[in-house]
Amino acid sequence: MALGLGSTGIIFRREFNAYVRSPMGYIVAAVVLLIDGILFYANALGPNALGPAGSELLSGQVLEGFLYFASGMTAIAAVALSIRLVAEERQTGTLLLLDTSPVRDWEILLGKFLSALAFLSLITVATLYMPLLILVNGKIAIGHIAVGYLGLTLLGGAVLAIGMLATALTRHQLVAAAVASVITGTLFLFMPLAEIVGPPFSRFFAALTIHGRHWAGFQDGILHLRDVVYYLAMTYFFLFAATKVMEAKRWE
Amino acid sequence: MVHLTDVTKFYGSKRALGPVSFEIEKGNTVGFLGLNGVGKTTLLRILACGLRPSSGTALVNGFDVLRDPHEVRKRVGYLPELPPVYRDMTVTDYLTFAGRIKGMTPEAVARRMPEVQERTRIVEVRDMPTGHLSQGYRQRVGVAQAIIHEPELLILDEPTHDLDPVQIMEMRAMIRSLKDSHTILISSHILPEISRTCDRLLILNDGEIVASGTEEELGEKLFTSRRLDVTVRLGAAKAGDGDRAVAVEAARAAIARVAGVTGVQIPDSPGSAAGDTGAVNFQVEGDSDLRAEVCRALVESGHDVISLNRAERGLERVFVGLVGKGGTWH
């Protein structure tokens, strides 16, 4: 019997192959790489590039700028990759195959989530040439790149989990995209909101923001356990919520 | 094999099903017949553990769909109205996925695959993406995924949905071939599909089972009389020198004199029957099977009997009698 982690693995393989076989995966990858590339060029080599080329400070700033833009693109890609995962199956009726098989809802969602995370990670890895260019031509620590990419992966995972909740809620991908975008956008906006309101709300918003406070360390190449735990907790929370939604849908 | 007690399903405050109670023996092929929207799909999905009942108990081979859904799912193969196929996968890849997700090992799937593809006659398309298949093939692939793990209970929701007449005949033949190895539940609003495939019928109306039994039993419950369709070549018309109206009346009177006949009707004008200008159709109502008596009476009164059949649309009449509606079946 291939239950437990086995079922998650079977679903993971199917979903990952679906990304590879469908134009959707390639379109998302192409758009992310194109925009990341353009922003990198504008930030590092264009007229707005910071300071004199080759200085240690400039190299670090260029990497930080790249990670900043890449984090936004990763979040957008995560929404785009996740919205089809359940909504499409509900719309085409294939979810019934999973619903009537001896597989638990969390196994279905985990398999789908991991496949999207793996594909998103591949896209993220494909952007590595840009930090490597900085490494070759400037002076930055490999650890800074590693921490930055860990941050991109954690942020991507958290937004994918938000997308999982959105896609579990509806059979319409556009609605799922809107829900995921609103939740993610709200969590992004918590940081500027924290700066304009006073305590205790400022602390509340700063603690919950998905980007500013928790992202800053990764962007600067500083690894805080607090930030890792935050992203893992967000991922767990939204995947848990998505599982509950799937279970509740069985009553409908 | 299947045991339901007071099962209901509500969508909000709207009752979609129940309370329904029935039992199905192992090895039976049972048809759920009803108009669209009376709760057939809801009932089958509850049995397949794709939907939870609002109340009541549903057992499949002793396992409760609420308490032991995994055990139930292992024992059930389910084909929804639209076959749940991933259009980007080839037939073999899809069936491998279906088998694995239903708990089979890769070795077990590989062993079972040729038999399933042979049985559902999809060998020739096994390497094609399911998205490129015709509706008929896609439906067969849907049956293949439902039987790949050798379930004890096979649930087919409208299995001939959207198929052309040839595909419908092929699907019926396939279902009949599966009767030996599975207990089968089929839902349909198409009467011939049910009557030609199933051992027993459950008729649903407004979320409730309003009748159950074989076609014969249902007919006997609802109709005390039995109808014959008789085509007669009139004696006078054969001689070519009589008054047709008189001859038709003479034949009608001959039939009416048979003991047990409760009514004789002429559904169309004389001369229109089967393009034979000398023939006329009669519909004969009686309280028992009067084929021999009616035939003898007609021959003795000088008429030729061209055909004599018991009415073929008995089940449709049963259906109309039970649900009080008409015109939606094929």
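Taking the Cα atoms of chain A, what is the range of coordinates along each of the three principal axes, in descending order and whole Å?
That gives 62, 46, 32 Å along the principal axes, largest extent first.
What is the ratio of the Cα radius of gyration of chain B to 2.2 N^0.38 Å, where N is its residue count, to two decimals?
Here the Cα radius of gyration is 1.25 times the empirical estimate.
Among A:Tyr231, A:Ile145, A:Thr167, which residue has its Cα furthest toward the positive end of the charge dipole of chain A, with +1 on Lys/Arg Cβ and -1 on Asp/Glu Cβ?
The one lying farthest along the dipole's positive direction is A:Thr167.
So if I take the alpha carbon set of segment A:103-187, get Rg, then get Rh from the Kirkwood formula, what is the Rg over Rh ratio?
That ratio equals 1.10.
Could you compute how fast the protein assembly as shown diffuses translationally, taking Rh as the Kirkwood radius over C-alpha pairs and applying Stokes-Einstein at 37 °C with viscosity 0.692 mPa s? Give it in µm² per second.
Working: Rh = 28.5 Å.
After rounding, the answer is 115 µm²/s.
For the pair B:Glu118 and B:Asp304, what calculated FRET efficiency results from E = 1/(1 + (r/R0)^6), where r is the Cβ-Cβ distance and R0 = 41 Å, to the nearest 0.05? Each step should come with its number before you reach the end.
On the way: r = 50 Å, r/R0 = 1.23.
The value I calculate is 0.25.
Based on alpha-carbon centroids, what's the gap between segment B:59-105 and segment A:204-252 in Å, whole number please?
So the two Cα centres are separated by 33 Å.
Where both partners of a DSSP beta bridge lie in chain B, what percent of those bridges are antiparallel, to the nearest 5?
Here the share of antiparallel DSSP bridges comes out near 70 percent.
Could you please tell me the mean projected area of the C-alpha convex hull for segment B:18-146, averaged over all directions and given in square nanometres to one decimal?
9.0
At A:Ala118 and A:Leu225, where each label point lies 7 Å from the Cα along Cα→Cβ, what is the point-to-point distance in nanometres?
Computed distance between label sites A:Ala118 and A:Leu225 equals 3.1 nm.
Expressed in nm to one decimal, what extension gain is obtained for the pair B:Ser288 and B:Gln265 from 0.36 nm per residue of sequence separation less their Cα-Cα distance?
6.6 nm
At a Förster distance of 30 Å, what's the computed FRET efficiency of A:Lys139 paired with A:Ile38, Cβ-Cβ distance as r, to 0.05?
Efficiency at R0 = 30 Å is approximately 0.75.
Given the peptides B:48-61, B:24-37, arrange them by the average over their residues of other C-beta atoms within 10 Å, most packed first.
Details: B:48-61: 20.9, B:24-37: 18.4.
So the peptides B:48-61, B:24-37, ranked by packing, come out B:48-61, B:24-37.
Set the bar at 24 Å for Cα to Cα. Now go through B:Lys9/B:Lys102; A:Lys249/B:Lys179; A:Lys244/B:Lys9; B:Lys14/B:Lys74 and name every pair that lies beyond it. Present the calculation step by step, with values, prior to reporting the outcome.
On the way: B:Lys9/B:Lys102 26 Å; A:Lys249/B:Lys179 33 Å; A:Lys244/B:Lys9 20 Å; B:Lys14/B:Lys74 31 Å.
Exceeds cut-off: B:Lys9/B:Lys102; A:Lys249/B:Lys179; B:Lys14/B:Lys74.
With a point put 7 Å past each Cα toward its Cβ, work out how far A:Val175 is from B:Asp162 in nm, to one decimal.
2.1
From other protein chains only, count the Cβ atoms within 10 Å of every residue's Cβ in B:10-22, then give the mean.
Per-residue shielding by partner chains comes out at 0.
Summing -39500 (n - 2.57) over the DSSP H runs of n ≥ 4 in chain B and dividing by its residue number, what mean residue ellipticity at 222 nm do you reach, to the nearest 500 deg cm²/dmol?
-10500 deg cm²/dmol
Is there a simple number for the mean count of other chain Cβ atoms within 10 Å of the Cβ of residues in B:41-52, and what is it?
The per-residue average across the peptide is 3.
Would you mind giving the mean number of other chain beta-carbons within 10 Å of the Cβ of each residue in A:12-24, as a whole number?
For this peptide, the per-residue mean of nearby foreign Cβ atoms is 2.
Take B:Asp88, project a point 7 Å from its Cα along the Cβ direction, then tell me which residues of segment A:106-124 have their backbone nitrogen under 14 Å from it.
What the label zone holds, given the 14 Å backbone N cut-off, is A:112-113, A:115-120.
Among B:97-104, A:27-34, what's the highest-first ranking by average C-beta atoms within 10 angstrom per residue?
The most tightly packed comes first, giving B:97-104, A:27-34.
Throughout, read-outs are computed from the coordinates displayed, never taken from laboratory work. Remember, it's a predicted structure, so these values are computed and weren't measured experimentally. With ideal geometry, Cβ positions are generated from the backbone for all residues, glycine too; neighbour counts draw on all protein chains shown.
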